[in-house]
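None of the figures in this text is laboratory data; all of them are computed from the coordinates on show. Keep in mind the model is a prediction, meaning the values are calculated, not measured. A quick note on method: Cβ atoms are made from the backbone with ideal geometry, for glycine too, and the neighbour counts reach across all protein chains shown.
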Amino acid sequence: ESQLSAWERQYPGFEDLYPATPMQAGMLYHDQLSGESGGVYLCQTLVVLEGSPDIARLRWAWETVVQRHAVLRTQFMADSEGELVQMVRSPVTVRLPWSEADWSGLTEAEQAVASEAWRREDRARGLDVTAAPLMRIGLRGCGGGRYWLLWTCHHMLLDGWSGPLLWQEIQRLYREGETAALPLPVAYK
């Protein structure tokens with residue numbers, strides 16, 4: 001059985017398959033070499049949300065962005081010759097990991113301690129690069145309409161330029177909902 005046939009059986013309906021870039025392969029190599037918990041290319045962004053955000057709408061905006069952009073549905077694996085390839089999964093097969101917890105019963109000092117522990121534990125979990133999406137969202141309610149959102153992703157997918165663009169798209173989807181007139185996603189293949 002060919003490698004492609006095996007992948008088609010294991011990942012039915014995947015959208016695309018192509019070689020990883022040398023930069024992506026290098027990042028994965030250095031992550032594995034580092035021995036650092038979570039890897040050196042694991043990115044975490046902590047955002048404070050205030051004003052009682054609509055959590056269902058926020059989650060919908062994040063999930064919509066994952067469905068829109070192939071890179072956010074990408075996973076990595078070695079082919080039969082040991083070369084790193086990236087597989088774009090079908091939108092219907094990828095779900096954004098999302099966790100929520102209520103910290104409103106904690107004091108501000110306790111929330112600060114819990115936040116540090118949360119970020120450390122989240123980083124230590126790392127990300128499985130063989131299972132899309134290579135990102136997750138955690139949300140912690142702090143009381144008074146205030147939330148902490150922790151976005152964890154792998155740098156193999158996003159760089160310093162594309163991360164802020166993604167945030168802008170999420171904010172626009174959150175504000176405008178399904179009426180948001182977003183440009184068509186650009187495929188980089």
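Modelled label positions at residue 49 and residue 175, each set 7 Å beyond Cα in the direction of Cβ, lie 1.6 nm from each other. Between residue 110 and residue 59, the FRET efficiency from the beta-carbon distance, with R0 = 22 Å, is close to 0.30. Calculated FRET efficiency, residue 95 to residue 34, Cβ-Cβ distance, R0 = 30 Å: about 0.60 to the nearest 0.05.
So for the chain, Kirkwood radius off the Cα pairs, Stokes-Einstein at 25 °C and 0.890 mPa s: how many µm² s⁻¹? If you can, show how the numbers build up before the last one.
Values: Rh = 18.0 Å.
In µm²/s, the coefficient is 136.
Each of residue 81 and residue 167 was given a label point 7 Å from its Cα along the Cα-to-Cβ line. The distance between the two points is 4.1 nm.
Label separation (residue 117 vs residue 136): 1.7 nm, computed from points 7 Å beyond Cα along the C-beta direction.
Charges only on Cβ, +1 for Lys and Arg, -1 for Asp and Glu: so what's the dipole of the chain about the Cα centre, in debye to the nearest 20? Don't jump to the answer; show the numbers that get you there.
Values: 17 positive and 24 negative charges, 73 e Å.
Using Cβ point charges on Lys, Arg, Asp and Glu, the chain gives about 360 debye.
The Cα center of the stretch 8-41 and the Cα center of the stretch 169-189 differ in position by 26 Å.
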